[in-house]
Amino acid sequence: MLPKYAVEYSVTLGKQTVSSRYETDGPVSCTEFVSALLERGFHITRILHEGSPLEQKQADQIIKQAASRLAARHICASLGIDGAEEHHRFGFSA
């Protein structure tokens, strides 16, 4: 059975590029994983849904949500505020 979502990514270590794949059935866990990739600067090759690459607009939406979550976490940590205050003041999703 195909996973609902898959993220193909790579990281360059010295002169070598290592590719990998993350699979999940949950859209939230997919977005959280993409957020972790963004934070670490890994190259996101493509995002798949049920084995087929997402259209750019759909993939961009997942990346946008992941970036928003990442920004919210950093704002909360840096300012010492909770998610509700962050959302009220800055509008990112916590």
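Nothing in this text is a laboratory measurement; each read-out follows from the coordinates by a stated rule. Treat the numbers as computed from the prediction; the structure is a model and nothing was measured. Cβ sites come from the backbone with ideal geometry, for glycine too, and all protein chains shown count toward neighbours.
If each residue of separation counts as 0.36 nm, what is the full-extension length gain between residue 81 and residue 55 once their alpha-carbon separation is subtracted?
5.8 nm
Rounded if a/c is under 1.5, else prolate if a/b is larger than b/c, else oblate: which is segment 1-43, with a ≥ b ≥ c the root eigenvalues of its Cα gyration tensor?
Taking the square roots of the gyration eigenvalues as a ≥ b ≥ c, segment 1-43 is oblate.
Roughly how big is the chain's charge dipole about its Cα centre, with Cβ charges of +1 (Lys, Arg) and -1 (Asp, Glu), in debye to the nearest 20?
The calculated dipole for the chain is roughly 280 debye.
Between 36, 51, 17, whose Cα lies farthest towards the positive end of the dipole of segment 5-85 when Lys and Arg beta carbons carry +1 and Asp and Glu beta carbons carry -1, centred on the Cα centre?
Of the options given, the answer is 17.
Please enumerate, by chain and number, the lysines with C-alpha under 23 Å from the C-alpha of residue 4, excluding those fewer than 8 residues away in the same chain.
57, 64
Specify whether the C-alpha gyration tensor of the chain places it in the rounded, prolate or oblate class, a ≥ b ≥ c being the square roots of the eigenvalues: rounded for a/c under 1.5, otherwise prolate if a/b is larger than b/c and oblate if not.
It comes out oblate by the Cα gyration axes.
Which ³J(HN,Hα) values in Hz, rounded to whole numbers, follow from the phi angles of segment 4-12 under the Karplus curve 6.51 cos²θ - 1.76 cosθ + 1.60, where θ = phi - 60° and Gly and Pro get x?
5, 10, 9, 10, 9, 8, 9, 9, 9
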